[in-house]
Amino acid sequence: MFQDPNHPDVQTLAQHSEQGTHDQISGAQTADALQAFHQNADPALVQQVTSEHYENLSAADLRTTAAGFQKKLMTVAGSSPEAMRLAQINPDTATPAQVSEMHQYIMKHHPEMMRDLAIGGAVVGGVALGALAAYAASRYVKSHGK
């Protein structure tokens with residue numbers, strides 16, 4: 001997945017994005033898609049799509065997502081100064097750029113945590129991350145002229 005814009009899973013996710021049905025994507029499918037996207041897509045596209053996704057979240061979803069990321073980051077805050085800094089971001093005032101940075105850190109250094117969040121079924125897992133997986137697929141397909 002995310003090595004071929006015609007891959008059936010990528011096409012299905014892109015359709016969810018176009019139809020606004022990202023809430024129907026399972027947590028496991030979301031987790032697999034996010035991991036594949038981060039591993040296989042162009043890093044510039046990954047950064048752009050992730051940033052755009054968090055910029056487009058409602059204030060409530062952004063807060064909930066930031067809180068979910070913060071909770072996970074608190075468990076590893078002692079492992080690095082960067083994790084500590086990110087864990088100290090206040091979810092109530094977190095900006096889309098800060099939430100995107102939290103996302104990028106977790107995916108790079110603790111991908112198992114992102115998987116837990118995606119499968120967890122909370123808003124951060126079910127809605128925001130499912131929407132991100134669908135949006136990523138849609139942008140990936142479009143970036144390949146499909």
- Over the range 25-55, the set of residues over 17 Å from Lys142 (Cβ atoms), among the polar types (S, T, N, Q) and in contact (Cβ under 8 Å) with a residue 12 or more places away in the chain is Gln29, Thr30, Gln35, Gln39
- Message: Tell me yes or no: at least one residue of the range 95-109 is in a loop (DSSP other than H, G, I, E, B), in contact (Cβ under 8 Å) with a residue 12 or more places away in the chain and hydrophobic (A, V, I, L, M, F, W, C).
- Response: no
- Taking the options Ser17, Ser51, name whichever one is of a type in the set (Gly, Ala, Ser), more than 21 Å from Glu112 (Cβ to Cβ) and modelled with pLDDT of 90 or more. Ser51
- Conditions (1) assigned to a helix (DSSP H, G or I); (2) within 13 Å of the chain's Cα centre (by Cα); (3) not hydroxyl-bearing (Ser, Thr, Tyr); number of the one not met by Leu73: (2)
- Query: Is it the case that Leu34 is within 18 Å of His109 (Cα to Cα) and modelled with pLDDT under 90?
  - Reply: yes
- Task: Name, by its number, the condition in (1) buried (at least 20 other Cβ atoms within 10 Å of the Cβ); (2) among the small types (Gly, Ala, Ser); (3) under 17 Å from the mean Cα position of the chain (by Cα) that does not hold for Ala83.
- Result: (3)
- Message: Residue under question is Ala59, and the condition is that it be aliphatic (A, V, I, L, M) and in contact with a helix residue (DSSP H, G or I) (Cβ under 7 Å, 6 or more places away or on another chain); does it hold?
- Response: no
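The values are calculated or read from the model by the stated rules, or taken from the named source; none is laboratory data. Remember, predicted model here, so these are calculated numbers, not experimental data. Reconstructed Cβ throughout: ideal geometry from the backbone, glycine too, with neighbour counts over all protein chains shown.
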